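The values are calculated or read from the model by the stated rules, or taken from the named source; none is laboratory data. In this text, all values refer to a predicted model and were calculated from it rather than measured experimentally. A quick note on method: Cβ atoms are made from the backbone with ideal geometry, for glycine too, and the neighbour counts reach across all protein chains shown.
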Amino acid sequence: MRLLLSGIAALALTAAIQPAQAMVVGGLGGGTGPYLSLSSAGLDGGTVATLSGGTVYTADKPFADIPKGGVYGGTFLAAGPTSSEPAVLTFQNPVNYLSFLWGSPDTYNLLTVTSAKGTYDFTASSLKFAVTDGNQAFSQYVQFSATPGDQILSVSFNNSTAQDAFETANFSVSAVPEASTWAMMITGFFGIGFLAYRGRRQSGAGFRVA
């Protein structure tokens with residue numbers, strides 16, 4: 001029982017304390033959905049994230065192609081060169097996980113993730129893409145996670161030189177649990193621990209009587 005209570009206490013502390021090493025970690029992967037709709041208003045009509053800059057397209061352009069591999073809803077976001085840069089998605093509520101499809105990645109694409117703790121720059125090279133030459137037949141899913149104590153506030157798509165475009169699509173996110181949700185989870189764990197403790201005592205008492 002002591003071990004169980006210690007574990008629950010540790011969980012409560014983890015939820016309440018923001019560690020000093022809180023940060024955003026990026027890597028390859030993701031793309032499992034469910035995907036959010038994308039329009040000029042942003043993600044899910046702007047209810048999840050609002051969009052400023054960039055342009056949402058529904059068909060290939062001379063400077064921007066639909067990311068290879070299928071695009072949810074038939075729309076994709078392109079930053080530059082014919083639209084203002086950067087294209088910025090600002091989340092209405094912080095998220096702790098973001099994934100999207102990065103089309104025809106090139107060395108001039110610059111992704112900036114802004115969190116509650118700082119800003120983080122990522123490129124196709126830093127994320128170890130297999131292709132970084134703008135090949136329009138190649139796309140890669142990427143994912144970004146905020147460690148406990150941090151939250152993703154916005155994501156910016158830019159080009160270090162204004163040529164072609166930075167194409168993205170198939171966005172998915174996970175929201176940060178609200179304080180009330182954390183409280184319910186912790187209360188639930190305490191309840192499970194109490195029931196387990198009562199069950200063990202009743203079981204032990206029955207054994208001694210027999």
Checklist entry - For the stretch 44-62, which residues satisfy the criterion of being in contact with a Phe, Trp or Tyr (Cβ under 7 Å, 6 or more places away or on another chain) and within 12 Å of V88 (Cβ to Cβ)? => result A49, G54
Checklist entry - From the list S156, S125, which one is part of a loop (DSSP other than H, G, I, E, B), of a type in the set (S, T, Y) and either within 20 Å of S99 (Cβ to Cβ) or more than 18 Å from the chain's Cα centre (by Cα) (or both)? => result S125
Item to check | Qualifying positions in the stretch 45-66 - surrounded by fewer than 20 Cβ atoms within 10 Å (Cβ to Cβ) and over 20 Å from the mean Cα position of the chain (by Cα) | outcome: G53, T55, V56, T58, A59, D60, K61, P62, F63
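A quick yes/no check of all residues on (1) crowded, with 23+ Cβ neighbours inside 10 Å; (2) part of a loop (DSSP other than H, G, I, E, B); (3) of a type in the set (K, R); (4) touching a residue at least 24 places away in the same chain (Cβ under 8 Å):
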site: K68; (1), (2), (3), (4): no, yes, yes, yes
site: S84; (1), (2), (3), (4): no, yes, no, yes
site: T90; (1), (2), (3), (4): no, no, no, yes
site: P94; (1), (2), (3), (4): no, no, no, yes
site: W102; (1), (2), (3), (4): yes, no, no, yes
site: T114; (1), (2), (3), (4): no, no, no, yes
site: Y120; (1), (2), (3), (4): no, no, no, yes
site: V131; (1), (2), (3), (4): no, yes, no, yes
site: A137; (1), (2), (3), (4): no, yes, no, yes
Item to check | Residues being surrounded by fewer than 16 Cβ atoms within 10 Å (Cβ to Cβ) and either under 20 Å from the mean Cα position of the chain (by Cα) or farther than 17 Å from L38 by Cα (or both) - total across the stretch 71-80 | outcome: 1
Next on the checklist: Can you tell me which condition L38 does not meet? The list is (1) at pLDDT 95 or above; (2) surrounded by fewer than 19 Cβ atoms within 10 Å (Cβ to Cβ); (3) within 20 Å of the chain's Cα centre (by Cα), and all the others hold.
Outcome noted: (2)
